[in-house]
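Shown next, in structure tokens, is the structure this report addresses.
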Amino acid sequence: MFESLKLLNRYRNNKVKKIKMMFKTAKLNRQKKVKNLFNIDECNSILIVMCDYGIGDAIVASFLIYELRKNNYNVSVVVDERLNFLFDYFIQVDNAFFFNKKNIKKFIRAEEKIKIDLAIDLYDEGNNSLRRVEIISSFKPTHTLGFNQSMYRQYDTSICYSDYDAHITERSCIALDFLNIDYDMVKYHLNIQYDELQLAKKFLDKICDGLDKFIIVFNPFGSSKTKSLSLEQIEKITEFLTLQKDCITIVVGEQKEIVFIHELPNVYINKNPSFIFTSALVSLCNLVITVDTSIVHVASAYNIPMIAVYNNRYKLCFDLNKVWAPISNNFELVFTKENKGTEFGDPVSNLDIQFIIEKIKKMLSVNFKY
């Protein structure tokens, strides 16, 4: 009886939530009666809407941000406050506005007077669309560019996009084409300050004892359990790596997760919690072994050889193995074998660990001469 009441209450709450969203959507749409035409000659200030972005999303967007600023646009981002550390200097922008999802109304009131000529939203309609539109509306941009945004009038230009196998940066390329901007290549642009780079070099010098070693960065944990290796898998990989002559391995990730991994000869745990410090280690290493997470994109930024483990995630028909793949020149991808093709994908913990080890052997044979 109690379980039935819980299910009924959950069903009622979901219905009420949908009705509230419908009313809010209708109210927002009434605020914008006419869609504005885009005038490129009057466009100077651009806002990148990063609602619910993760670290990896922000790194991928660094390509678009860099190219826009290179072409003399004043570029701002609006992003969740938990990512504020990325926009001090790691990803360079002209302005950054930080919001708290629990207090959107306060943020909206504070940002009403900012002048924006063009707002760019790179992602499709989804569970957070209403929040994104509320944020966009608070800036009152002259023109808004979006993708597959048929529901909301706030998007003056909505590009119909269904290239399910294309890399996520293709959307940035389309935005640059919209502005008639030419670019040489797709590349992420990150900035590690001198002091942080020296700190990482000092750490490497200490564990290498002044010797010339082949440096491996191993990142076993993703943003969800489904995307993460199991402790048993991690143990077998580190046991293999500890036997590799003249190799040093550094395990990186959230401190609360990697604390359970045992150090072995030539296998060290990074105890510095700074993501920028970890990025510095990646930029200095010879090989990255990682699951599908932000470290993939950091390694891509510095063109570091990489083995990346992906777990067959799909969302609205988009193949996320391909959408979020590395963009560097030297990488090996490992895919799970279950092929469920769901939004969460297959558990990486089900992978035969020997398959990953064989990929490591292959990358070592190519990139490291014993």
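Just for the stretch 151-199: of the residues that are of a type in the set (Phe, Trp, Tyr) and over 19 Å from the mean Cα position of the chain (by Cα), which one is nearest to Ile136 (Cα to Cα)? Going through the qualifying residues, I end up with Tyr155. Out of (1) out of contact with any helix residue (DSSP H, G or I) (no Cβ under 9 Å at 6 or more places or on another chain); (2) of a type outside the set (Phe, Trp, Tyr); (3) assigned to a loop (DSSP other than H, G, I, E, B), what's the single condition that is false for Asp41? Unmet condition: (3). Every condition in (1) free of Cβ contacts under 8 Å to residues at least 40 places away in the same chain; (2) over 20 Å from Asn127 (Cα atoms); (3) outside any helix (DSSP H, G or I); (4) not aromatic (Phe, Trp, Tyr) holds for Val79 except the one numbered (2). Select from the stretch 291-319 the residues that are open to solvent by 20 Å² or more (accessible area, probe 1.4 Å), aliphatic (A, V, I, L, M) and in contact with a Lys or Arg (Cβ under 8 Å, 6 or more places away or on another chain) and list them in ascending order. Within the stretch 291-319, none qualify.
So is Ser279 of a type in the set (Gly, Ala, Ser), assigned to a helix (DSSP H, G or I) and open to solvent by less than 10 Å² (accessible area, probe 1.4 Å) or not? Yes.
Among all residues of the stretch 331-339, there is none that is part of a helix (DSSP H, G or I) and either more than 24 Å from Gly126 (Cβ to Cβ) or open to solvent by 80 Å² or more (accessible area, probe 1.4 Å) (or both). Here is the figure for the stretch 256-277: residues that are within 26 Å of Phe344 (Cα to Cα) and touching a helix residue (DSSP H, G or I) at 6+ places or on another chain (Cβ under 8 Å) total 3.
When Asp205 is tested against (1) in a loop (DSSP other than H, G, I, E, B); (2) surrounded by fewer than 17 Cβ atoms within 10 Å (Cβ to Cβ), exactly one condition is not met: (1).
For the stretch 159-199, how many residues are in contact with a Ser or Thr (Cβ under 8 Å, 6 or more places away or on another chain) and open to solvent by 50 Å² or more (accessible area, probe 1.4 Å)? Counting residues in the stretch 159-199 that are in contact with a Ser or Thr (Cβ under 8 Å, 6 or more places away or on another chain) and open to solvent by 50 Å² or more (accessible area, probe 1.4 Å) gives 1.
When the stretch 208-239 is filtered for residues that are outside any strand (DSSP E or B) and β-branched (Val, Ile, Thr), the ones remaining, listed by number, are Thr226, Ile234, Ile237, Thr238. Please work out if Tyr155 is modelled with pLDDT under 95, surrounded by 15 or more Cβ atoms within 10 Å (Cβ to Cβ) and of a type in the set (Phe, Trp, Tyr). Yes; evaluated as a whole, the condition is true for this residue.
Residues are listed down the side, and each one gets a yes or a no for (1) more than 22 Å from Ile55 (Cβ to Cβ); (2) surrounded by 12 or more Cβ atoms within 10 Å (Cβ to Cβ); (3) touching a residue at least 60 places away in the same chain (Cβ under 8 Å):
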residue	(1), (2), (3)
Asp209	yes, no, no
Asn219	no, yes, yes
Ser224	no, yes, yes
Lys227	no, yes, yes
Lys236	yes, yes, yes
Asp246	yes, yes, yes
Val251	no, yes, no
Glu257	no, yes, no
Pro265	yes, no, no
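Evaluation of Asp124 against the conditions (1) crowded, with 20+ Cβ neighbours inside 10 Å; (2) out of contact with any helix residue (DSSP H, G or I) (no Cβ under 8 Å at 6 or more places or on another chain) shows that the sole unmet condition is (1).
The values are calculated or read from the model by the stated rules, or taken from the named source; none is laboratory data. On a predicted model such as this, the values are computed, not experimentally measured, just so you know. Neighbour counts are summed over all protein chains in view; Cβ atoms, including those assigned to glycine, are modelled from backbone coordinates with ideal geometry. All accessible areas refer to the heavy atoms of the entire protein, side chains included, with ligands and DNA or RNA removed. Shrake-Rupley method; radii C 1.70, N 1.55, O 1.52, S 1.80 Å.
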